[in-house]
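What follows is a single structure, written as C-alpha cells, with notes after it.
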Amino acid sequence: MDELWNMRGLNLLNGLSENEVEEVLRLAPPRSYRKGEYIFFAGDAADALYILELGTVKVSYVTLNGDEKILNIFRPGDIFGELFLGKYRQRVGEAQALDDVIVCKMSEEAFLALTQRVPQIALNFIRHLADSQRETLARTHALMRADAKYRLSGILLSMARRYCCTDPDWFELPASLTQEDIANMAGLNRSTVSSLINDLRRDGVLGGTGRSLSVNRTAIEALLEEAGLEVLE
C-alpha cells in the first residue's frame with residue numbers, strides 16, 4: 001500500500017484516509033504484463049479503469065490503412081481506460097505494455113459503488129478528467145503547427161509538463177518510448193524526427209545520447225515563444 005500511496009501523480013487518492021486507501025487497493029488487484037503484451041484491445045468492452053503502478057503503457061489505434069496512431073502514453077500514477085463512464089461501451093484503442101508493467105484494475109461496478117461510499121474519490125476523478133482534457137488540448141494545439149520542428153517541440157513540451165519532475169528544467173523521457181513512437185505522436189516520419197532531435201540537441205533544447213532523450217522545459221518554451229507560438233499550460 002505504501003508504494004501506491006506514494007506513487008507520483010496518483011491524485012485519485014488525495015485526501016483519503018488510510019482505511020479508504022486500503023479499500024481502493026482491495027478493489028483494484030494488481031496484475032503484471034510483460035513488455036509487448038496487451039492489456040486490452042480495440043472493441044473490447046469498456047468496463048474497468050486501470051491504475052498504472054509500474055512501467056509505461058501506450059494506448060493507440062490502427063487506421064483502416066494499417067497505420068498506428070498513438071492516443072496517449074501513460075506512466076506510473078496515471079489512470080487510463082475510464083471510458084465506461086460515457087455512452088460508448090467499447091474500447092476505441094488498444095493498450096500495450098512498452099516494458100514490464102504492473103496495473104491495478106478496478107471494475108466499473110466497484111468504482112461506481114466506491115464513489116458513493118467515498119465522495120472524495122468522485123471529486124478527485126472529476127479533477128483527473130479535467131486535467132486529461134487540458135492535456136489533450138495542449139497536444140492538439142501542438143499538432144496544428146505546420147512546421148515539423150515546432151510540432152515536435154510542442155509534443156515534447158506537453159510530455160515534459162505532464163511528468164516533470166524534481167529538476168525544474170530537465171525531464172528524461174522513458175527509455176521504452178522510441179523515436180518511432182515520438183514521430184507517431186507528432187504526426188511526422190521517423191527520419192524527420194531523428195534529424196530534428198539531433199538539431200535540438202546541438203541547440204541545448206534536448207539532451208541525452210543514443211536512445212536516451214531528455215527535454216529542457218525552459219529552453220523548449222523559449223524556442224516556441226520566440227517563434228511567436230502560444231505556449232499552452
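The values are calculated or read from the model by the stated rules, or taken from the named source; none is laboratory data. These figures come from a predicted structure and were not determined experimentally. A quick note on method: Cβ atoms are made from the backbone with ideal geometry, for glycine too, and the neighbour counts reach across all protein chains shown. To get the accessible areas, we keep the full protein, side chains included, count just its heavy atoms, and leave off ligands, DNA and RNA. Shrake-Rupley method; radii C 1.70, N 1.55, O 1.52, S 1.80 Å.
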### Query
A222 versus D147, label points 7 Å from Cα toward the beta carbon: distance in nm?
1.7 nm
### Query
Using a cut-off of 23 Å between alpha-carbon atoms, which lysines can reach K105, once sequence neighbours fewer than 8 places away in the same chain are excluded?
K35, K58, K87
### Query
What's the FRET efficiency of R26 with Q120 using the Cβ-Cβ distance as r and R₀ = 25 Å, to the nearest 0.05?
0.90
### Alpha-carbon centroids, the range 135-160 and the range 25-52: separation in whole Å
28 Å
### Task
Per DSSP H run of at least 4 residues, take -39500 (n - 2.57); add these up for the chain, divide by its residues and hand me the 222 nm value, nearest 500 deg cm²/dmol.
-13000 deg cm²/dmol
### Message
Taking amide H atoms as placed 1.01 Å from N in the peptide plane, list the residues 5 or more away in sequence, or in a different chain, whose amide H sits under 5 Å from that of A46.
### Response
Q90, R91
### Task
With a 1.4 Å probe and every protein chain left in place, work out the accessible area per residue of the range 1-111 in Å², rounded to a whole number.
53 Å²
### Summary
The Cα extents of the range 148-225 along the principal axes, largest first and rounded to whole Å, are 30, 28, 21
### Using alpha-carbon coordinates, inclination of helix 18-27 to the longest axis of the chain, degrees
90 degrees
### Query
More than 26 Å apart: what percent of Cα pairs in the range 1-155 qualify?
29 percent
### Message
Using amide H atoms built in the peptide plane, which far-off residues or other-chain residues are under 5 Å from G207 H to H?
### Response
S214, V215, N216
### Task
Provide the descending list of Cα extents for the range 5-97 along its principal axes, expressed in whole angstroms.
49, 30, 19
### Message
Tell me the carbon and sulfur percent of the accessible area for the range 1-143, rounded to whole percent, probe radius 1.4 Å.
### Response
51 percent
### Message
Between helix 119-143 and the chain, what is the angle of the helix's C-alpha long axis to the longest principal axis, kept within 0 to 90° and rounded to the nearest 10?
### Response
20 degrees
### Query
Can you give the angle from 0 to 90° between the axis of helix 190-202 and the longest principal axis of the chain, with both taken from C-alpha atoms, to the nearest 10?
70 degrees
### Query
How would you rank 101-113, 131-143, highest first, on the average number of other Cβ atoms within 10 Å across their residues?
101-113, 131-143
### Task
Given the peptides 16-27, 214-225, arrange them by the average over their residues of other C-beta atoms within 10 Å, most packed first.
214-225, 16-27
